Every structure is written in C-alpha cells, then in structure tokens.
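Please treat every number below as a calculation from the coordinates, not as lab data. Everything numeric in this text was worked out from a predicted model, so none of it was measured. So basically every Cβ, Gly included, is an ideal-geometry build from the backbone, and we count neighbours across all protein chains shown.
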Amino acid sequence: MTTLAVLEQRDGTLRKISHEVVTAAQRLGGAVEAVVCATGPVQGADQLGKFGADKVVTLTNPAFARYAPEACAQALAERAKQGGYRTIVFGATATGKDLAPRVAAQLGVGVAEDLTDLAADGGGLVVTRPVYAGKALLKVKVAAQPAVVSLRPNVFTPVERPKAGTAETVAVNVAAGRVTVREIKAAPAGTLDVAEAQIIISGGRGLKEPANFKVLEELARAFGGQAAVGASRAVVDAGWRAHADQVGQTGKTVSPSLYIAVGISGAIQHLAGMRTSKVIVAINKDKDAPIFKVADYGVVGDLFEIVPKLTEEIRKLHG
Amino acid sequence: MKIAVCIKRVPDSETRVKIAADGKSLDAAGVKFVLNPYDEFAVEEALRRKETAGAGEVAVICLGPAAAQETIRTALAMGADRGVLLQADKIPADPFETAKVIAAELNSTSWDLILFGRMAIDDYNTQVGTLVAELLGLPCVTAVSHLDLEGTKGVAEREIEGGIEVVDFPLPAVLTTDKGLNEPRYPALKGIMAAKKKPLEVKPVQPGVGALEVAALTPPPERKEGKIVGEGAGAVGELVRLLREEAKVL
C-alpha cells in the first residue's frame, strides 16, 4: 500500500517539514509518493528520493503561487481519491493544520493531528499525540480509510534512505477558490521562526525589561543562524515580544534539539509548548523554579552573568 | 449580523491530569472545567461585531455533557444572546463526528459568520472548525489574529512560520480565532445575572463512533532526571562540555 506524503513549499522552495513527512511515511512500509502543489518545479523536491520517496509528484496550477487553501485541498483530495492511498501524511505546520482537515473532510474522515509517533497496525494505524498541555499522551487507533494524519514538526528526524525515486509533473484543473492569500508580510530577514529553529533561546520575566532580550539575541547569533529567540506568555502579554515568538499553550509548540529557557519559571502553559524538546537547559536565579524539573541541565544564578559567558563559549566553538 | 460561536468545555490548563480507571480517559473528579481559552476570543469577536453592526444575534453552540450548560452561561454572561447545548455524555474521539453534529445544528439557520476557537486545549485538535466549514460548503480561514470586515468582504491575518498571511474571503464564512485577535472581556456581575435568564436550549444528540478509537491515555514519559550543573557564570564551562559530550547537541 502506498502512503501519500504531502510536502510544503513556499516561493518554489521546499520547506524543511517535507523531509520529516517523507521520513515518517517511509516508516509505515510500502511505497511513498510525495506530492506538492506549486506553479512549477520545486527546489529540493528532486532530493526526496534520499529520504525514501519512491515518487515525487508536482501538481501544478498558477493558483499555487501562494498557499491556496481551497484549490490545494481540491487537487490533493482528487489525487487521494484516484490513488487508493492507505495513509495521507501532512506536517502540522500553520499551513498543514489549515490544509489537512479540508482534504480529510472531502475524503469523509477526520485528521489524527499533531502526532509524535505513528506505526502501521494491521490494516490501520496506531498514533500517539500529546494532549492536556502535554501532561498526557493519547494513543489512538485510526481505522479511517484513508487515514489522514499530521505530524508535530521537528519530532520525526529526517533519515536518509536513498531510493531511485521518479518524478512526475501534472498540471491540474482546480477552481480558483474563495479564500485567497493576498500577501505574506514576512518577518525581518535573518529572523528564524521559533517553530522551525533547531535551537531556541527563550526569555521570560527574569529578563526584567524588553531591552534586555538583546543578551538572548546575542547568544542566538553566536549559534550562527540556527537559533531563534522565543518568549514566555508573561512577556508577550506585557508587550515585550511579539506573539509570533511565544512558546506555550497559547503560542507555538516547539521541539528543537536544544531549548534554553532563560529567566522562565516554567508555568504549565509554557511547558505545554516545549516539553518535547530534545535537550532542555534552564537558567534561573530561583533554584526551586519548576522549569528545573523538566530541564536536563540547569544553571542557578544571575542570567546577566551566565548568558554572556555562554555566548562567549559558543562563539569559541563556532569560531 | 447573525453570528454563531461554537465553544467547548475543557479542563482548566492548570489541572493535574489523573488517568481514569479505564486507562483511556481523564479522571474528571475534582477537575475544574472552563470555557476553552481560544473560544473566548471567538465569543469576544462575535460580541464586538454585533455591537459594531448595531443589530444582530450571537448564538453560542456547544457539544458536551449536561454540565456544559455552565460553560454556555459563561459565554452568555459575556454578552451572547442565546445558547444551544448539543447534549451528549461523551465527545467523540473522531473530530469528524463532532463536526457532523455541529454542522447539522448550524445548517438549520443561515449565519453571516461562524466562529470557533483555533484549538481546544484539552485534545489539542485544531480541525473541527475547518471540518464544519467543509461540511457546510462555506469558506474558512483558520487561526485569525486580525480581522477586518466590510459588507460581505473580509480580510484576515494569520500567523505562519516566518511571517503573516493576509487573506481575502467572502461572507458568510467560518473563522477560527487565535490569540491576538482581541482581549476577551470578563463577565460583569450584571452580565452574570442577565445570563441566568437568557434562553438555553438543550438538544440531545447521538454522535457517531467514527474511525478514531482511543487505545490508551498515559502519562508522558518521564524526562530523565536532570542535573543542576552549578551556580553562576562559573558553571558555564561545564554546561558547554555536557552539551557537547553528553547531550551531543553542540
């Protein structure tokens, strides 16, 4: 049975989640067909054989210049209906969360969302998803045909399993759609989104004032462009940082390789957004702060002394 | 403006999660239930739109157990006009079944706007609003953090990775609301008193079982015991060594 892995592109370049989607699809056994909606060739799509895609299909239409929710959903649902796929895998990104249920509804099923694990189980699937602010894991049997799932970003580490994949481009006819993206207001160049960063340095009230976030920005820069600066709800609500930077229940859910929580006490709402990070470091002056309970490594003390020292050490490594 | 707001009763996010004896659900004993925080943005937005229009109706629709009447009353206390409880003891594990029940209720009236919260903080689903929109054949914009409406045209902003999408759509439409859209009001005492007299219709429903079945609810794996590396800037050298040699993330 074939799994359909739905890729994501922006401005003709494949997004990182695409590798994760193909990697997870590969785990289910059987063939993997990767599909992307675009206006033409997508940079990076030819590399997917490396991650286990047997076939990469580019569905083209001029409407796909920007994310076109209804047109993409129509194109994917029609493809899914023709293909007889057992599973359709999306990434639970901003776009994937919007798109997956549209496609699923057209196929008459719901989505098993935001998965941190999945496995084939007889004719169906067994999936795991964090619920209740990450305080429990829900294991769900998916009997839907096809099963439509979305993956929590950064959880399924891309694994190289080279295959001689084939490529196909299909021009599709789709209705223009009523919902259209007029423009994308991009974040300033050089800022990495917390949802996509491999390293996140987040700050909380312990930073004392908005201007002090510069110590975290300097540390992020020392990591040479792989790190993003995040924020706790308290400092976002206080207007110190943008909501786009907020990690937690009413912000973004992240799973970076390294999460450094600076001056963050570790309220449950914050932990909900970052507890699936691979390695957590906490820097806090209060040795009893709850953040130390989830941290792998903790340093107790004045962040204004500790962080600059850390920046200096990281700069040496990246020298 | 005729606006429907679909809400959910959820455990407060501070709740200590205790797993029930069946090993598949939350032990609800002693749990404090609240109006889903993202739904507060939806209720608030509906109230503001009605106030701006100067006329209309805000109806609150909730699928849940009898106790969810309390949740509906919270929205009525904020200022919604009437409530409908689609009463079922259990919310289906398959969001498509939830969507079908809600869509069937919404289908009986023609709405200018149907609002949902972006996500339910209990089961972390973000899809029911979108599924309902598809079932009703209505346009849908998700995770709206800014909204302009003029006549039957709308412009919404939604956060995506690395930017903000500006989206055009026509009314009627289904929108799901994100943080940033507004600052929800607290129910005033007067509103709480008034809410007691507002109409709340209870309709028993029987959602289908669907194709998703809960196999188990378990505590998350314990993170392995962490260590305090040390105190102050003097501990940084050791921290970096551990991150390189033990955690291998640098």
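What to note about this one:
- Cα-based equivalent ellipsoid of the protein assembly as shown: semi-axis lengths in Å, sorted from largest, via gyration tensor: 36, 31, 23
- Percent RCO, i.e. relative contact order, over chain B, from Cα pairs under 8 Å lying at least 6 residues apart: 24
- Cα-based Lys proximity count in region A:173-303, under 18 Å, for pairs eight or more positions apart or on separate chains: 5
- Here the protein assembly as shown is assigned +1 on the Cβ of each Lys and Arg and -1 on the Cβ of each Asp and Glu. Its dipole about the Cα centre then comes out at about 480 debye.
- Percent RCO, i.e. relative contact order, over chain A, from Cα pairs under 8 Å lying at least 6 residues apart: 15
- A straight Cα-to-Cα reach below 13 Å connects B:Lys32 with the aspartates and glutamates B:Asp12, B:Glu14, B:Glu70, B:Asp122, residues fewer than 8 places away in its own chain not being considered.
- In the elastic network of chain B, a GNM with C-alpha springs shorter than 10 Å, the most mobile of B:Gly237, B:Gly180, B:Gly64 is B:Gly237.
- The GluC sites (Glu not before Pro) of region B:1-87 that meet both conditions, a loop assignment by DSSP and at most 11 other Cβ atoms within 10 Å of the site Cβ, are B:Glu14.
- The Kirkwood hydrodynamic radius of region A:102-228, based on inverse pair distances between different Cα atoms, is 19.4 Å.
- Amide H contacts for B:Val84 (H built 1.01 Å from N in the peptide plane; partners 5 or more residues away or on another chain; cut-off under 5 Å): B:Val60, B:Ile61, B:Cys62, B:Glu201.
- Taken residue by residue and averaged, Cβ atoms of other chains lying within 10 Å of the Cβ of B:128-135 number 5.
- Backbone phi angles across region A:280-295, fed through the Karplus curve with coefficients 6.51, -1.76 and 1.60 (θ = phi - 60°), yield HN-Hα couplings of 10, 10, 10, 10, 7, 7, 9, 5, 9, 4, x, 4, 5, 6, 9, 6 Hz in residue order; Gly and Pro are listed as x.
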